[in-house]
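**Student:** I'd like to ask some things about the structure below.
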Amino acid sequence: MLKRFWLWLGRLLGKTLVFLLVVGLGGWAIGAAYYSWKFSGPVSDEEQIPANEAAYTEGIIEDAIRVVEQHRDNTRVLRDAHAKAHGCVKAEVTVRADLEETLRQGVLSEPGKTWKAWVRLSNGNAYPQFDRARDARGMAIKLLDVPGDKLMSNPRHASEQDFVMFNHPAFFVRDVAEYRSNFAAQADGRKALAFFPSWDPRTWEVRHLIIALKTLSPAPSSPVETTYNSIAPFKLGPHNIKYRVIPTPENCPAYAIPKPNTDLPNFLRSALYQQLSLDRMPACFALQVQRQNPSYYMPIEDPSVEWDEKIAPFETVADIRLPAQDFDSTEQNLFCDNLSFNPWHALPEHRPIGGINRLRKAVYEAVSAYRHDRNAVLDQQ
Ligand code: HEM
């Protein structure tokens, strides 16, 4: 009797497993077919601005300030995103000597030219947490003493060209409208529901949820050991491009990054300190661009879609070197906290494009101004 029961249970479990497998594979095949149909064909090579976009931006700024204040705990007011820095380090960015004529635009106009820069390396979260927590890792580069009129008129940033990236190639929302509803849900603590705004399955953003989960990835061994992506598109003179920064250890003297002790809360800062300050070894990267080919599905208005590297391969335009240096002092950490990076601190040749970039213009400026004002008051208390 007992034996028959176990056999029956075994068969039932086996059939359930096969059923789930077939449903899973079927769902995956339908999803793949749907997206290869939806994400095919030519796209516009110009921006297309939805009518309601500006209206959402004010609401997003209010939510961002709310998040900043939520995470303040008798501390200085930190950034709304990428609050924790592993360090701000000095860098040299050298334009490739053999750069193709048509890519010689903006700060890349002069082959062989070396720019002095600051590089801020960070975790993506809105409040500082242990480095071993799954998270995006950010890199922000600020080229200094860049001549020419910029897209933003703030005199504090008049001679800067910024590049702002994190280490996943796709963004977890497509446009400003989706960002508004997603971010509002997250700011209210409804994280899981952010991608399921209503009972109507047509509003569910399962693909974007998967991107968000993949974005929150385990830490690399060191901030110099991962690839940072612009994710959103930019102009490069006449071209529409995305850019990224890849590690190029082959361009630096050989150095084996020690295995990190991931029990330490700040092991990414420690790795940077070990390499640049203790071992006095530089770190090398390359800045690369990917040109849009609008005959294929490489949209400007949807940064949740990666541009296919097989169709539009990345091309190296500059080399980046972080020389051996001391960076981990109280003064430099405070200086780093007070820096503001913004993709719109840019020459017109590098204009940010697409809805998510248009949104960033107002939000970065507002949050930066807010935290600088609040900190100036706090510093005097
Ligand atoms: C392409 C997508 C994005 C990338 C690659 C990106 C990356 C980054 C990085 C690396 C930082 C830290 C910069 C630093 O070191 O100071 C940052 C800061 C920030 N990001 Fe983003 N981000 C993106 C989209 C957004 C969006 C859509 C928003 C909100 C609308 C946003 C809001 C902010 C804010 C408020 C800060 C802090 C600004 C400050 O206080 O100075 N980001 N982002």
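**Student:** Could you pull the accessible area for residue 209 with a 1.4 Å probe, rounded to 10 Å²?
**Tutor:** 40 Å²
**Student:** Which of the listed residues, 298, 206, 183, is farthest toward the dipole's positive end in the chain, when Lys, Arg count +1 and Asp, Glu count -1 at the beta-carbon?
**Tutor:** Toward the positive end, the furthest listed residue is 206.
**Student:** Could you order 53, 315 by accessible surface area, starting with the largest, using a probe radius of 1.4 Å?
**Tutor:** 315, 53
**Student:** What is the dipole size for the range 246-354, taken about its Cα centre, with +1 at each Lys and Arg Cβ and -1 at each Asp and Glu Cβ, in debye to the nearest 20?
**Tutor:** Computed about the Cα centre, the dipole is about 160 debye.
**Student:** Over the chain, what lengths in whole Å, largest first, do the semi-axes of the equivalent ellipsoid take, defined as the square roots of 5 times the eigenvalues of the alpha-carbon gyration tensor?
**Tutor:** Semi-axis lengths for the chain are 37, 26, 24 Å.
**Student:** Could you work out how far helix 206-215 tilts from the main Cα principal axis of the chain, as a 0 to 90 degree angle to the nearest 10?
**Tutor:** 50 degrees
**Student:** If r is the Cβ-Cβ distance from residue 177 to residue 12 and R0 is 35 Å, what FRET efficiency results, to the nearest 0.05?
**Tutor:** 0.15
**Student:** Checking the cross-link filter: which lysines have an alpha carbon closer than 30 Å to that of residue 38, excluding same-chain neighbours under 8 positions apart?
**Tutor:** 191, 214, 235, 242, 310, 361
**Student:** Ignoring ligands, DNA and RNA, what accessible area per residue does the chain give at 1.4 Å, in Å²?
**Tutor:** Here the per-residue accessible area is 51 Å².
**Student:** How big is the range 1-155 in terms of Cα radius of gyration and Dmax, in angstroms?
**Tutor:** 26.8, 87
**Student:** May I pose another question? How much length, in nm to one decimal, is gained on full extension between residue 193 and residue 74, taken as 0.36 nm per residue of separation minus their Cα-Cα distance?
**Tutor:** That pair, residue 193 and residue 74, stretches by 39.8 nm at full extension.
**Student:** Just subtract the alpha-carbon distance of residue 331 and residue 62 from 0.36 nm times their residue separation and send over the number in nm, one decimal.
**Tutor:** 93.7 nm
**Student:** Next question, about the same structure. For the range 70-189, taking Cα atoms only, what is the radius of gyration to one decimal and the Dmax to the nearest whole Å?
**Tutor:** 17.7, 53
**Student:** Choose one answer from 27, 14, 237: the residue with the largest mean-square fluctuation in a GNM of the chain with alpha-carbon springs under 10 Å.
**Tutor:** So, out of 27, 14, 237, the one fluctuating most is 14.
**Student:** Taking the chain as the reference, fit the longest principal axis to its C-alpha atoms, fit the long axis of helix 2-38 to the helix C-alpha atoms, and give the angle between the two in degrees, 0 to 90, nearest 10.
**Tutor:** Approximately 50 degrees, to the nearest 10.
**Student:** At R0 = 35 Å, how high is the FRET efficiency between residue 316 and residue 338 if r is their beta carbon distance? Nearest 0.05 is fine.
**Tutor:** Using R0 = 35 Å, I get an efficiency of 0.60.
**Student:** Using a 1.4 angstrom probe with every protein chain in place, what is the largest-first accessible-area order of 244, 4, 96?
**Tutor:** 4, 96, 244
**Student:** Right, something else. Using alpha carbons only, how many degrees (0 to 90, rounded to 10) separate the axis of helix 355-380 from the longest principal axis of the chain?
**Tutor:** Here the helix axis deviates by roughly 60 degrees.
**Student:** What's the magnitude of the charge dipole for the chain around its Cα centre, counting Lys and Arg as +1 and Asp and Glu as -1 at the beta-carbon? Answer in Debye, nearest 20.
**Tutor:** In total the dipole reaches around 1500 debye.
**Student:** Could I ask something else about it? Three principal axis extents, largest first, for the C-alpha atoms of the range 190-288, in Å?
**Tutor:** Over the range 190-288, Cα extents along the principal axes are 57, 46, 16 Å.
**Student:** Pop out the carbon and sulfur fraction of the accessible area of the range 48-380 as a percent, whole number, probe 1.4 Å.
**Tutor:** 54 percent
The values are calculated or read from the model by the stated rules, or taken from the named source; none is laboratory data. Keep in mind it's a predicted model, so treat the numbers as computed, not measured. Cβ sites come from the backbone with ideal geometry, for glycine too, and all protein chains shown count toward neighbours. Ligands, DNA and RNA are stripped out before the accessible areas are found, and what is left, the full protein with its side chains, is counted by its heavy atoms. Shrake-Rupley method; radii C 1.70, N 1.55, O 1.52, S 1.80 Å.
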